[in-house]
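Notes to accompany the following structure.
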């Protein structure tokens, strides 16, 4: 008789463990159980199903060869026994058995195991304000939620919605509601930016503008106080911390984060981590060596901060699933942790990041310094090129890269730059390596000095002191609130409307005239230096440095970056 | 007085050194000289100018802010003195001066230097066969060639062309002639595949099919013996090693490789390397510590093979240029070598690679093993997904990755996967790291278990012996020449035409029936296992392994890969 393996949870990690284990061990008796009747689905595809990019819900649980991944599929193709509508109620570790309940009949029985795998996932948080449990207040944790929301929208009776939480799921679902269905959507976020745990302020503001460009009503620094029903038609009012802001909407979607499902583990006495997830070692074993856990229910080590953290991502679940199966079958495979790589499509924008944000780096105790660059993703002379924005973060003294964020219209190109840094982060990569990073070059796909190299170059120049920068967000604040002047080194035509509006506050000396007209610039005054994308204003700054101008700051990413975060600036 | 820096060559590396040096050292006297009157241009853009993607030749020497990079631009914007139509004739190292000649007047003079930089580039090889110097036999080394070719085509008098050499430039120029201009083009290559120094046979055959799909007449294993003029209209005959093959064409383009321009360096007694390029250390210094060199005229270390090699790429030139400037101005910056990262657009196909090919790995003394996978670049259920093909190569014993090659319709997505491995290669990356590579995941941009992870997984399975593979190219050969049978585990519909054609040689048992129909398979016979993209045939193989079938081979990348290299196979 083969080893008995019981796996609790059959969405992402569970099926991966089961199938890989079967391939490694033809004799194992593998039982995969789930509370639900739909299993082995691409949960990350839910927003695209709701939004209409994916028409048929079955596409989310079909293989690439169009087979539906149901019980029969697992039995016939995979040699894995699946029990659906079955809930694990208790783990008896001494007896090595799990008490399960067949939800349709209420019947209970025991499953004996040699090795147990917990793939219990996470569930959407319902915040504690009044009304968060009302029928038209949805979460998007599973396919049933998705079907309900899509069904409601298909009736055409939903005209307005509120989404609570501007994290990844919140943004994806906001796009889904707005883009195809044309639902007037308000996105509410407590923090002062979207994606607060994922991005610094510049790239986050590019994302915010993309939301607003598509008609989303974005409320930052706003708390939801209460949701209430209006009469009996199901419509809701959302009361927020903003004075006089009471929204009337047809539905509310909660996207306030997820919480790992750990009841079973906790009641069995397994160790939980500081973040609330199940603790596992590098082999993905819990504190009981016969019980493995992985996916959204465990905590993982952030390799940059050294802290344990929750990271609910289907990609990590899949990688961990393979590792667990290898280890159960007698191999040696390690999951060392995460560097927090992430990407997102937001309407026409691709967003990507890895590592820490500026705030997180500060909190961790680093002395973070960042560069922001705007540059075409392909050779600037090649027709397909689009602007790409990168923020690159390093520790001042060690020059180690701590994080990277990027955005642009070509999401694959955005992800491409971030991924190269992401995979290096665990090896420890410094600024100098980024300057010479050997990524592929051909004009249809990159510049000879690519945007990723130039992000490194800019950061190198900042660290060496030759580039004294200000980011576009800070510039906009300073320019609006203080009297500082701009020295615009773009051409006269580009500068004209600004000169007209700001008069003496907006000095224009095109870069090719700067050397001979330097006497026109008051030496003791502070200036923000501006060009199109940053290199010319940096060049001007270096020249002015050599002429004893000590009080200039170079606007990182230039006017392109200003426009990306404030399209109306003039 | 500042340091006197003389830079010979003003295309890519030279201008980079000059501009960076000016920013680091405001007092340096920087002189940049070039034989040509056009300088600082994107030579890599030539094929796109010829092909029409770029209309205006000036786009290749304009900045992103549309300024033309000419002498005045370098003087006014960069503070760099440029002398054009000036040739360096002799380096007098003891006196630290360069003898130069003003080509328009023939006047000679000396330039004194404290540091000298050689950026003399490379020139196209003209092979020694008769006729290689005829007027209508072109190279594409500079913008003048490009203008001449484009001018000829614009007259509409060119209907046919031969391109000699199927390396990167050969492929790019073939596309340029064919795509916009509709010129009937024959591409001639001595080796048995296109891109012979860059790709292994599978990905190379995908490229070859893309050429043929666009009407290119591809002649492999073919030598050019002679080119001759027919009468006085300029038409040419190309005699090849193929019997009876005498081509008549209007023009010939030579793309038989480039050779570093080292005469000046050699005559000055500077050390040249085994590959023929100028020898430099990691600081990019030649054997004379006051003379630096970089770009196409130097040899660089291949970090995987350990051999010195030539690598004429604008991207390396730019990175090296920055390093040279840093070092000249008193900093410390190193160019450690190359891992041979490369990418190319070929009609609708993106191709990318890094590291060694199978042949090169063998020659270097490794014991290379490779996996080939076919998988969608985005989540398979997401509408924008396209098939992407990856070949991943490792050393059997050390499990170190030696190289990666990829192709697919979405070039940015192809490059993205290759770049992540490319940047890790110099750190030493093993198969296990690829399995868990933490690249960004969201359905619009990747799969939860991404194609790059699955390339690692497949290679891991091959190395562990559970996957016994055959690549699609070898399968096609074996199936055509030997009697081996196929066990097709796809659905009955997909298999039907093959069963009809091949009868008993083509056994079809859909994967979900394999467990119960295993008795139908003759145990002692050899079978090639086939599915759509590879995972199901691997799963079948693992099952058959457990049932004592020892003689199966899994066709890597499945039918998708077969179709990619032989669209007509049935």
- Could you work out, residue by residue across A:404-417, how many beta carbons of other chains sit within 10 Å of that residue's beta carbon, and then give the average as an integer? 4
- Message: Placing the label point 7 Å from Cα along the Cα-to-Cβ direction, what are the distances from residue B:102 to the equivalent spots in the other copies, shortest first, in nm to one decimal?
- Response: 10.0
- Message: If I model a spin label at residue A:464 and residue B:72 as a point 7 Å from the Cα along the Cα→Cβ vector, what separation in nanometres do I get?
- Response: 3.1 nm
- Message: Taking just the alpha-carbon atoms of region B:342-464, what radius of gyration and Dmax come out, in angstrom?
- Response: 13.7, 44
- Quick one: Cα centre-to-centre distance for region B:177-253 and region A:160-197, in angstrom? 55 Å
- Item | Least to most buried among A:41, B:389 (fewest other Cβ within 10 Å first) | A:41, B:389
- Task: Mind checking B:508-514 for the average number of partner chain beta-carbons within 10 Å of each residue's beta-carbon?
- Result: 3
- Message: Sequence gap at least 6, Cα distance under 8 Å: using those rules, report the relative contact order of chain A to the nearest whole percent.
- Response: 11 percent
- Simple spin-label model, 7 Å along Cα-to-Cβ: residue A:474 to residue B:221 in nm? 6.5 nm
- Order of A:412, B:25 - criterion: other Cβ atoms within 10 Å of each residue's Cβ, fewest first: B:25, A:412
- Query: Could you give, in nm with one decimal, how far residue B:156 is from each other copy of that position, shortest first, with labels 7 Å out from Cα toward Cβ?
  - Reply: 5.5
- Between the helical axis of B:492-502 and the dominant principal axis of chain B, each derived from Cα atoms, what acute angle in degrees is found, rounded to the nearest 10? 90 degrees
- How high is the relative contact order of region B:137-256, in percent, with contacts defined as C-alpha pairs under 8 Å that are six or more residues apart? 32 percent
- Query: What is the average number of partner chain Cβ atoms found within 10 Å of a Cβ in A:16-28?
  - Reply: 2
- Rounded to one decimal in nm, the spacing of the 7 Å Cα→Cβ label points at residue B:481 and residue B:332 is 5.6 nm
- Message: Going by Cα centres, region B:435-501 and region A:60-136 are how many Å apart?
- Response: 31 Å
- For residue B:289, go 7 angstrom from Cα along the Cα-to-Cβ vector, then report the distances to that same point in the other copies in nm, smallest first. 5.9
- Item | Ranked list, fewest to most other Cβ atoms within 10 Å of each Cβ, for B:399, A:20, B:266, A:417 | B:266, B:399, A:20, A:417
- Item | Equivalent-ellipsoid semi-axes of chain B, from the Cα gyration tensor, Å, largest first | 49, 28, 20
- Message: Can you compute the helix-only [θ] at 222 nm over the protein assembly as shown? Use -39500 (n - 2.57) per DSSP H run of at least 4 residues, normalise by all residues, nearest 500 deg cm²/dmol.
- Response: -8500 deg cm²/dmol
- In the P(r) worked out for the protein assembly as shown, what percent of Cα pairs fall beyond 53 Å? 25 percent
- Task: Between residue A:85 and residue B:427, take the C-beta separation as r, use R0 = 45 Å, and let me know the FRET efficiency to the nearest 0.05.
- Result: 0.40
- Message: Using 0.36 nm times the number of residues separating residue A:275 and residue A:513, minus their current alpha carbon distance, what extension gain do you get?
- Response: 79.9 nm
- residue A:155 to residue A:501: FRET efficiency via 1/(1 + (r/R0)^6), r the Cβ-Cβ distance, R0 56 Å, to the nearest 0.05? 0.70
- Query: So what's the angle, to the nearest 10 degrees on a 0 to 90 scale, between helix B:535-546 and the longest Cα principal axis of chain B?
  - Reply: 50 degrees
- Cα centroid of region B:327-368 to Cα centroid of region B:297-324, whole Å: 9 Å
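Every number in this text was worked out from the coordinates using simple rules, so none of it is lab data. It should be emphasised that the depicted structure is a prediction, and the values quoted were computed from it without experimental measurement. Cβ coordinates were reconstructed from backbone atoms using ideal geometry, including for glycine residues, and neighbour counts include every protein chain displayed.
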